[in-house]
1. Tell me which residues, restricted to segment 24-63, are open to solvent by 80 Å² or more (accessible area, probe 1.4 Å) and at pLDDT 95 or above.
2. Could we say that V75 is in a helix (DSSP H, G or I), open to solvent by 70 Å² or more (accessible area, probe 1.4 Å) and either closer than 29 Å to M1 by Cβ or polar (S, T, N, Q) (or both) here?
3. From the list K87, K124, which one is at pLDDT 85 or above and open to solvent by 70 Å² or more (accessible area, probe 1.4 Å)?
4. Which residues, counting only those in segment 156-171, are surrounded by fewer than 17 Cβ atoms within 10 Å (Cβ to Cβ), closer than 16 Å to I95 by Cβ and hydrophobic (A, V, I, L, M, F, W, C)?
5. Can you confirm whether segment 98-111 contains a residue that is under 14 Å from the mean Cα position of the chain (by Cα), free of Cβ contacts under 8 Å to residues at least 60 places away in the same chain, open to solvent by 70 Å² or more (accessible area, probe 1.4 Å) and under 24 Å from F21 (Cα atoms)?
6. Looking at (1) within 20 Å of I168 (Cα to Cα); (2) touching a residue at least 60 places away in the same chain (Cβ under 8 Å); (3) of a type in the set (S, T, N, Q), which one does T127 not meet, given that it meets all the others?
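The values are calculated or read from the model by the stated rules, or taken from the named source; none is laboratory data. No experiment lies behind these values; they were computed from the predicted model shown. Positions of Cβ are generated from backbone atoms using ideal geometry, with glycine treated the same way; all protein chains shown enter the neighbour counts. Heads up: the accessible areas ignore ligands, DNA and RNA and are worked out on the full protein's heavy atoms, side chains in. Shrake-Rupley method; radii C 1.70, N 1.55, O 1.52, S 1.80 Å.
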Amino acid sequence: MNTPNKLTVLRVIMVPFFVFFMLSGCGGEASKWIALALFVVASLTDLLDGYLARRDNLVTDFGKFMDPLADKLLVCSALICFVEIGKMPAWMVIIIIAREFIISGFRLIASDNGIVIAANYWGKFKTVSQMIMIILLIMDLGGVFYILGEAFKWIALALTVISLVDYIWKNKQVLSMQD
């Protein structure tokens, strides 16, 4: 197994530990900081594995499948934790997670028809806004950080919907392949 794939597997392994520290509170205030550190490190492994895979020509089918799955596990786990601890409404999390399922299904249909759909800028903006939102909500520092966290909830939600519509619109030919 190459280094980028090992980093992806590490990210998947980190998810249950992240969830544990998000929800357990066993370490008091330290739990949120441990959860934050795990989230940031896991997010950085995503940047690093993609960079290494492209730089060293180590792109594999395993990586193409597992890398986005690991990302979705990390982000969706954080969002579900936020519902549990009352930091996000369930309806907002459902919309964000539904988008991930829809795009994954869409990519599967495209792949079955020999079409590879690359991520676009709206999707990248969506991901960055979600990461910032998650970090702000975990930090929970109050004041201006609370306002920023609330703002990023809406920014992430808006970019989630915009990226979904843009993705489907630009690849609508995939839908016609299912007739």
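1. W33
2. no
3. Sole residue among the options that is at pLDDT 85 or above and open to solvent by 70 Å² or more (accessible area, probe 1.4 Å): K124.
4. Residues satisfying the conditions are A158, V161, I162, V165, I168.
5. No, that holds for no residue.
6. Checking T127 against (1) within 20 Å of I168 (Cα to Cα); (2) touching a residue at least 60 places away in the same chain (Cβ under 8 Å); (3) of a type in the set (S, T, N, Q), the one that fails is (2).
Table: residues versus (1) surrounded by 15 or more Cβ atoms within 10 Å (Cβ to Cβ); (2) more than 27 Å from C81 (Cα to Cα); (3) at pLDDT below 85; (4) small (G, A, S).
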residue	(1), (2), (3), (4)
I117	yes, yes, yes, no
M131	yes, no, no, no
V144	no, no, no, no
W154	no, no, no, no
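The rows are residues; the columns are (1) small (G, A, S); (2) under 19 Å from D67 (Cα atoms); (3) assigned to a helix (DSSP H, G or I).
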| position | (1), (2), (3) |
| --- | --- |
| I117 | no, yes, no |
| K126 | no, yes, yes |
| L137 | no, no, yes |
| F145 | no, no, yes |
| D166 | no, no, yes |
